[in-house]
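Report on one structure; see the data block that follows.
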Amino acid sequence: MSVSTRIKELNKRLSQKLAVRGVEASETETTTSLINKIDNLPTGQSDINFSGLTDWRYFSYYNNRNTLVAKLKYSDTSKGTNFSNMFYGCSGLTTIPQLDTSKGTNFSRMFYGCSKLTAIPQLDTSKGTNFSNMFYGCSGLTTIPQLDTSKGTYFGYMFYGCSGLTTIPQLDTSNDTDFSYMFYGCSGLTTIPQLDTSKGAYFSNMFSGCSKLTAIPQLDTSNGTNFSGMFNGCNALTNLTIKGSINVSGMDLKSAAKLSKASI
């Protein structure tokens, strides 16, 4: 479904909610106009119920409806299955309300480009399979809550550019095949938990730019085929253990670090 179609769908819902409250509104109006009418409703009448939505893609796309984000109730998202791109490009967002994401399967690009967020609430991601680009460009994030990623199969670019993170919680990556750019540009990371990479095939630029990492727990690259730029710029890295055959030259280890405790 295109972004324009999603916006039309949202405008229709907003106009219907306003009509129920006796306010003249049309789905052909701009989203901004409809939101202003909602904000002008008397206290206690401005709550908008989106409980019927299952597809939350592009809900606030590029800050277009950030004023609605604060109005979201936990139950509004209880039927949601697709949360991809929900807050895509919302560089003005500073907080996210608690959301019911218990039915969600797709979380890709959910917070893409939300550079002013410093934290996000706890999310139920137990049914999630796609986490690629989830926090791409979230440079202001300093913490990540514990996420259930046990069904996850895509983690590429997940924390790309999250330069404010110093550590991340334990993640279940046992079903993932693509770790490309997962921590690219995470220049603030000082520690990484043990990650199950046994099914991984693609590792290109996985830790590129992680300049403060001194150690990485054992990585299983037995099924790996692409390691280009994997440790580029990891100049503090001194402790690394790798299980499985690997093309060392493709990992750029010589330009990445002088490893004093390496087992490859």
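The values are calculated or read from the model by the stated rules, or taken from the named source; none is laboratory data. Predicted, not measured: the structure shown is a model, and the values here were computed from it. Counting neighbours? That spans all protein chains shown, and the Cβs are built from the backbone with ideal geometry, glycine included. Ligands, DNA and RNA are stripped out before the accessible areas are found, and what is left, the full protein with its side chains, is counted by its heavy atoms. Shrake-Rupley method; radii C 1.70, N 1.55, O 1.52, S 1.80 Å.
When the listed pairs Lys151/Lys243; Lys8/Lys37; Lys127/Lys212; Lys73/Lys151; Lys151/Lys199 are checked against a 22 Å cut-off, the alpha-carbon distance exceeds it for Lys151/Lys243; Lys127/Lys212; Lys73/Lys151. Separation of segment 118-143 and segment 159-236, taken as the distance between their Cα centroids, equals 16 angstrom. How tilted is helix 3-20 with respect to the longest principal axis of the chain? Cα atoms for both, answer in degrees (0 to 90, nearest 10). Once rounded, the angle reads 40 degrees. Start at zero, step by 5 Å, and the Cα-Cα distances of the chain spread as 1, 6, 12, 16, 16, 13, 10, 8, 6, 4, 3, 2, 1, 0, 0 percent across the bins. Antiparallel beta bridges, as assigned by DSSP with both residues in the chain, represent about 0 percent of the total such bridges. Seen from Asp172, the other residues with C-beta closer than 11 Å to its C-beta sum to a net charge of -2, counting Lys and Arg as +1 and Asp and Glu as -1. Ligands, DNA and RNA left out, the 1.4 Å accessible surface of the chain is 48% carbon and sulfur atoms. Summing +1 for each Lys or Arg and -1 for each Asp or Glu among the other residues whose beta-carbon sits under 12 angstrom from that of Ser78 gives 0. Net charge of the neighbourhood of Ser126, taken over other residues with C-beta under 14 Å away and scored Lys/Arg +1, Asp/Glu -1, is -1.
Taking all protein chains as shown and a probe of 1.4 angstrom, Tyr184 keeps an accessible surface of around 70 Å². Dipole magnitude for the chain: about 160 debye, using +1 per Lys or Arg Cβ and -1 per Asp or Glu Cβ, origin at the Cα centre.
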